[in-house]
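Enquirer: Got a structure here, written out as structure tokens. Questions coming.
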Amino acid sequence: MYSKSFLSLLILFLFSSYAVAQEKLDAFEIARKGTVDNAKELLKNNPKAFNVVNDEGFSPLILACYRGNNNVAKFLIENNYEINSKSKMGTPLMAAIVKGNNEIAKLLIENKVDVNAEDENGTTALIYSVQFGNKQILKLLLENNVDKTHKDNKGKTAFEYAVFSKNDEIINLLK
């Protein structure tokens with residue numbers, strides 16, 4: 001059996017370890033796997049904590065969208081953090097589309113994200129929605145004035161990718 005003093009020390013150690021672990025969560029870790037409460041706590045000490053990009057150029061919102069951390073992504077979107085941030089690999093909208101996260105993609109579009117933004121390859125959210133066969137988001141993009149004539153760096157439009165996919169429903173949506 002353990003003594004009361006040992007158990008007390010163990011509890012104190014575990015609690016302090018937890019507190020230290022909580023303190024180490026930065027905006028990027030919160031975006032990846034944290035909670036809204038973590039985000040609120042970080043913002044108490046630094047109101048601009050989420051207005052950053054990491055060494056790879058990713059914003060916390062891009063990471064939250066890519067990782068499917070919908071609660072934190074919603075929190076950032078609803079609190080007006082930069083929804084049009086862009087890394088060399090794309091935007092929050094593109095990350096949501098690539099991951100099949102229609103809930104967040106729809107929320108971004110409803111909040112007037114730039115639906116025509118491009119990644120470094122000239123790929124747009126429309127092209128990604130075609131490449132990933134996401135008809136729901138494709139329809140939503142078309143309803144929100146997406147540029148169907150845009151060509152990526154390979155000179156291809158979303159329609160050309162649709163033809164290549166041989167998905168008649170997507171082809172017909174883009175005609």
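Enquirer: Return the residue satisfying two criteria in turn: it lies in the stretch 73-127 and is over 18 Å from LEU63 (Cβ atoms) and among the hydroxyl-bearing types (Ser, Thr, Tyr), and of such residues it is farthest from the chain's Cα centre (by Cα).
Expert: THR123
Enquirer: In addition: Taking the criterion of being farther than 26 Å from TYR81 by Cα, exposed (fewer than 14 other Cβ atoms within 10 Å of the Cβ) and not hydroxyl-bearing (Ser, Thr, Tyr), would at least one residue in the stretch 136-154 satisfy it?
Expert: yes
Enquirer: Does the stretch 116-135 contain at least one residue that is of a type in the set (A, V, I, L, M, F, W, C), within 22 Å of LYS40 (Cβ to Cβ) and in contact with a strand residue (DSSP E or B) (Cβ under 9 Å, 6 or more places away or on another chain)?
Expert: No.
Enquirer: Can you name the residue in the stretch 50-70 that is of a type outside the set (Asp, Glu) and over 11 Å from the mean Cα position of the chain (by Cα) and is also nearest to THR123 (Cα to Cα) among such residues?
Expert: Top of the filtered list is GLY57.
Enquirer: Yes or no: ILE97 among the aliphatic types (A, V, I, L, M) and assigned by TED's automatic domain parsing to the domain that holds ARG32?
Expert: Taking the combined requirement at face value, the residue satisfies it.
Per-residue answers, yes or no, for (1) in contact (Cβ under 8 Å) with a residue 24 or more places away in the chain; (2) touching a helix residue (DSSP H, G or I) at 6+ places or on another chain (Cβ under 7 Å); (3) more than 25 Å from ASN70 (Cα to Cα); (4) of a type in the set (Ser, Thr, Tyr):
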residue: GLN136; (1), (2), (3), (4): yes, yes, no, no
residue: ASP147; (1), (2), (3), (4): yes, no, yes, no
residue: ASP152; (1), (2), (3), (4): yes, yes, yes, no
residue: LYS166; (1), (2), (3), (4): no, no, yes, no
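The values are calculated or read from the model by the stated rules, or taken from the named source; none is laboratory data. In this text, all values refer to a predicted model and were calculated from it rather than measured experimentally. Positions of Cβ are backbone-derived with ideal geometry, glycine not excepted, and every protein chain shown enters the neighbour counts.
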